[in-house]
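Peer 1: After the structure tokens below, expect a handful of questions from me.
Only the coordinates and a few stated rules stand behind these numbers; no lab work does. Keep in mind the model is a prediction, meaning the values are calculated, not measured. Quick reminder, even Gly has a Cβ in these numbers, built from the backbone with ideal geometry, and neighbours come from all protein chains shown.
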Amino acid sequence: MPRNKLIHGSPDEIEAAYYDALARADLEALMDLWADDEEIVCIHPGAPRLVGHAEIRAVWEDILSNGGLHIRPRQLHVTQNLMTSVHSVIEDIDQGGEPSDVHVIATNVYQKTAMGWRLVLHHASVAPGPAPAEAVVGGAMLH
């Protein structure tokens, strides 16, 4: 996705670019999607909380050094107002074609900034049991 499109993109477009950057192992594109704020937070399953660009970048660089992560977000539930968009998703992780009951529940929080919508928090945790198959219906638009 071109950079100028991302500057004015919606939270949905930023999220699609996030998962695309992970699949391509494109660290620069991934970090461009984060807000230009040292209070950004990233929490990976079973890992400590990372705060700020340096910590987040270092861990993503290590994760992506083995190639891209192929994650398909589904069952998106959105709560949004004029300045914040909270996305709750179930992430299906492709583990090289091997069937797996492991799924991740993630929350991605986007804020409207001077550069457009940007990621300020990604929090993911492994959920027990098989991934739910039912569709999530609706979302909330706060005014």
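Peer 1: Mind giving me the FRET efficiency for Asp26 and Ala47? R0 is 25 Å, r the Cβ-Cβ distance, nearest 0.05 is fine.
Peer 2: The value I calculate is 0.70.
Peer 1: May I pose another question? With 10 angstrom as the radius, rank Glu61, Glu28 by how many other C-beta atoms surround their C-beta, starting from the fewest.
Peer 2: Ranked by crowding around the Cβ, least crowded first: Glu28, Glu61.
Peer 1: Follow-up question, since we're still on this one. So what's the net charge close to Cys42: Lys and Arg +1, Asp and Glu -1, counting the other residues with Cβ under 9 Å from its Cβ?
Peer 2: 0
Peer 1: Between Ala114 and Leu82, what FRET efficiency follows from the Cβ-Cβ distance if R0 is 22 Å, with the result rounded to 0.05?
Peer 2: It comes to 0.90.
Peer 1: Could you list Tyr18, Tyr110 so that the one with the fewest beta carbons within 10 Å of its beta carbon is first and the one with the most is last?
Peer 2: Lowest count first: Tyr18, Tyr110.
Peer 1: From the phi of every residue in segment 17-30, what ³J(HN,Hα) in whole Hz does the Karplus formula 6.51 cos²θ - 1.76 cosθ + 1.60 yield, where θ is phi - 60° and glycine or proline is x?
Peer 2: With the stated coefficients, segment 17-30 comes to 5, 4, 5, 5, 4, 5, 5, 8, 6, 9, 4, 5, 4, 4 Hz.
Peer 1: Also: Place a point 7 Å from Cα of Ile93 in the direction of its Cβ. Which residues in segment 18-53 have their backbone N less than 12 Å from it?
Peer 2: Of the residues in segment 18-53, 44-47 have backbone N under 12 Å from the label point off Ile93.
Peer 1: Still on this model: Within 10 Å of each residue's Cβ, count the other Cβ atoms and sort Ser88, Ser10 from fewest upward.
Peer 2: Arranged by neighbour count, lowest to highest, Ser88, Ser10 become Ser10, Ser88.
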